[in-house]
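For reference, the structure is listed below as structure tokens.
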Amino acid sequence: MFGRKTDSEWFVIAGLGNPGAKYEHTRHNVGFDVIDAMAEKQGIRLNENKFSGLYGKGTMAGQKVILVKPQTFMNDSGRCLAPLLSYYKVDPDTNLIVVFDDISLKPGHLRVKSKGSAGGHNGIKSIIAQLGTDGFSRVKLGVGEKPAGWDLADHVLGRFNAEDRAKVEKAIGKAQEAVELILEGKISEAMNRCNRRESPDEVQ
């Protein structure tokens with residue numbers, strides 16, 4: 001059983017994706033994109049390479065945070081996060097936020113959840129299996145459904161067209177705001193802002 005510690009000193013913010021230049025900025029790597037943008041904004045260097053992950057430490061919204069990009073490939077993301085959280089004595093039910101892609105949402109749309117099933121996402125399946133809990137917070141970025149007749153892997157490992165990429169870039173900024181609200185203990189506000197069905201351009 002994964003160890004629990006309710007008074008965690010650190011928050012871990014994990015963005016999911018696949019390592020390597022061939023996967024940069026693909027639909028499946030929007031989690032990495034959010035972590036990179038967050039690291040740049042907060043001045044956090046992702047210069048530690050341990051636990052099969054690339055990560056860095058800093059502060060965000062008044063909290064001590066570890067930003068991490070698992071380097072295990074998407075389907076084995078939990079193999080990075082389990083030892084990382086154990087080492088830093090982080091309780092995933094209270095102090096883990098995972099950012100990842102969602103094909104059920106249109107490009108540019110966001111959804112915040114406080115817990116839940118994997119919903120068919122292999123990266124989340126791996127994390128739940130390794131941590132023994134599905135109680136961690138999630139920020140999901142829409143990448144759009146696969147076109148009819150396409151293989152799912154071809155879709156998620158492909159890149160956005162210019163129009164959709166522009167929407168996703170806006171969503172990356174909104175995702176950072178959602179993470180900050182979660183760190184402030186305002187996940188309900190984050191859900192209220194992000195989980196609406198209107199155009200992402202209308203989200204205030």
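Bear in mind these aren't lab numbers, they're just calculated from the coordinates by the rules spelled out. The shown structure was predicted, so the numbers you read here are calculated from the model rather than taken from an experiment. Every residue, glycine among them, receives a Cβ derived from its backbone with ideal geometry; neighbour counts consider all protein chains shown.
Miscellaneous remarks
- The chain, relative contact order [Cα under 8 Å, separation at least 6], %: 25 percent
- For the chain, fraction of C-alpha pairs farther apart than 28 Å, in %: 18 percent
- 3J(HN,Hα) couplings calculated from phi for the stretch 49-65 with the Karplus curve 6.51 cos²θ - 1.76 cosθ + 1.60 (θ = phi - 60°) are, in sequence order, 10, 9, 6, 6, x, 9, 8, x, 10, x, 10, 7, 6, x, 10, 7, 10 Hz; Gly and Pro show x.
- Rounded to the nearest 20, the size of the Cβ-charge dipole of the stretch 11-202 about its Cα centre is 280 debye, with Lys and Arg at +1 and Asp and Glu at -1.
- Choice from Lys41, Lys89, Lys113 showing the highest fluctuation, given a GNM over the chain with Cα pairs closer than 10 Å: Lys41
- Packing-based ranking, highest mean first, of 94-103, 43-52 given that Cβ atoms within 10 Å are counted: 94-103, 43-52
- Rounded FRET efficiency, nearest 0.05, which uses the C-beta distance separating Ala166 from Lys22 and R0 of 22 Å: 0.45
- Helix 78-87 and the long axis of the chain differ in direction by around 30°, with both axes built from C-alpha atoms.
- Modelled this way, with points 7 Å down the Cα-to-C-beta line, the labels at Trp150 and Lys64 are 4.3 nm from one another.
- Averaging 1/r across all pairs of distinct Cα atoms in the stretch 95-204 and inverting the result yields a Kirkwood radius of 14.5 Å.
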